Amino acid sequence: MRIILASGNRGKYREMKKQLEPFGIELIPGADVTAPLEVEENGATYEENALLKAKAWAEATGLPVMADDSGLEAAALGGLPGIRSARIAEGGDKERTRWLLEQMKDREDRRARFVCSIAVVIPGMKEPLTVTEYCGGRIAREPAGESGFGYDPVFIPDGYENSFAELGDEIKNKISHRAKAVKSIAETLIPVIQLYAVRSM
């Protein structure tokens with residue numbers, strides 16, 4: 001089964017592609033199918049934003065689409081940056097990470113969690129599929145590591161002493177919020193994949 005990823009984020013695509021292959025799902029970069037769509041993410045939750053993107057891309061392409069929305073929530077900041085994680089500060093990953101560390105510089109409570117919601121919209125299917133998963137951890141005092149993207153250099157997952165960016169893709173792709181969400185959505189998709197296989201025989 002081929003599904004379009006409603007994102008231009010290549011790091012995210014590489015992570016999700018590897019995780020979906022064992023389930024017989026071929027993930028296609030959205031940019032390979034159509035010009036990237038600018039979808040206003042004005043939902044109140046990660047799930048709502050994922051659904052907004054999935055529905056818009058499915059309408060534009062007429063194909064099955066997977067979209068995700070994720071964010072980092074710091075306990076000491078009341079859950080910020082949250083659903084605004086990708087937009088909390090102007091610039092790229094480094095600027096947003098700098099913003100986070102500045103907000104956290106005098107905070108003793110470093111607890112945080114990553115959240116990921118995934119939505120799948122398949123034309124002709126009555127209801128979309130959605131899942132939400134979490135990965136708990138804490139915010140480091142300074143960035144470390146070169147792997148991953150986003151806030152990975154400052155997020156240390158529970159049970160580890162190194163950031164996601166130091167741990168590397170192999171470990172991250174087993175324990176991260178996105179890895180858990182991809183596995184959950186893939187398992188939910190198994191009956192749909194089997195139906196597609198029967199129809200193509």
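Projecting label points 7 angstrom from Cα along Cα→Cβ for residue 142 and residue 32 puts them 4.1 nm apart. Between the exposed loop cleavage positions of the chain, defined as trypsin sites (Lys or Arg not before Pro) in a non-H, G, I, E, B DSSP state with at most 14 neighbouring beta-carbon atoms within 10 angstrom, the longest gap is 1-86.
The reciprocal of the average 1/r between distinct C-alpha atoms defines the Kirkwood hydrodynamic radius, which for segment 117-163 equals 13.1 Å. Dimensions of the chain along the principal axes, based on C-alpha atoms and rounded to the nearest Å, stand at 60, 32, 25, largest first. Using a probe radius of 1.4 angstrom, the carbon and sulfur fraction of the accessible surface of the chain is 49%.
Excluding same-chain neighbours fewer than eight residues apart, the aspartates and glutamates reachable from residue 180 by a Cα-Cα span under 13 Å are 15, 68, 133.
Assuming R0 = 30 Å, can you tell me the calculated FRET efficiency for the pair residue 17 and residue 76, based on Cβ-Cβ distance, to the nearest 0.05? Efficiency, from the Cβ-Cβ distance: 0.30.
Global dimensions of segment 90-156 from alpha-carbon coordinates: Rg and Dmax equal 16.1, 52 Å. When only alpha carbons are used to place a centre, segment 134-157 and segment 48-100 end up 17 Å from one another.
Radius of gyration over Kirkwood radius for segment 107-201, both on Cα atoms: the Rg/Rh ratio is 1.14. Approximating the spin labels as points 7 Å out from Cα along Cα→Cβ, the residue 111-to-residue 161 distance works out to 2.3 nm. Using θ = phi - 60° in the Karplus curve 6.51 cos²θ - 1.76 cosθ + 1.60, the 3J(HN,Hα) couplings for segment 20-27 round to 8, 4, x, 8, x, 10, 9, 8 Hz; x is entered for Gly and Pro. For the Cα atoms of the chain, what angle does the longest principal axis make with the long axis of helix 177-200, in degrees from 0 to 90, nearest 10? The angle comes out at about 0 degrees.
FRET efficiency for residue 98 and residue 174, Cβ-Cβ distance as r, R0 = 30 Å, nearest 0.05? Write down the numbers at each step before the final one.
Numbers: r = 29 Å, r/R0 = 0.95.
Computed FRET efficiency for residue 98 and residue 174 comes out at 0.55.
Just need the Rg to Rh number for segment 10-112, please, alpha carbons only, Kirkwood Rh. Show your work: numbers first, answer last.
Values: Rg = 16.2 Å, Rh = 15.7 Å.
With Rg and the Kirkwood Rh in hand, the quotient comes to 1.04.
Taking every protein chain into account, the accessible area of the chain amounts to 51 square angstrom per residue (probe 1.4 Å).
The values are calculated or read from the model by the stated rules, or taken from the named source; none is laboratory data. Every value quoted in this text rests on a predicted model; they were computed, and no experiment measured them. All Cβ positions, even for glycine, are placed from backbone atoms using ideal geometry, and neighbour counts span all protein chains on display. Ligands, DNA and RNA are stripped out before the accessible areas are found, and what is left, the full protein with its side chains, is counted by its heavy atoms. Shrake-Rupley method; radii C 1.70, N 1.55, O 1.52, S 1.80 Å.
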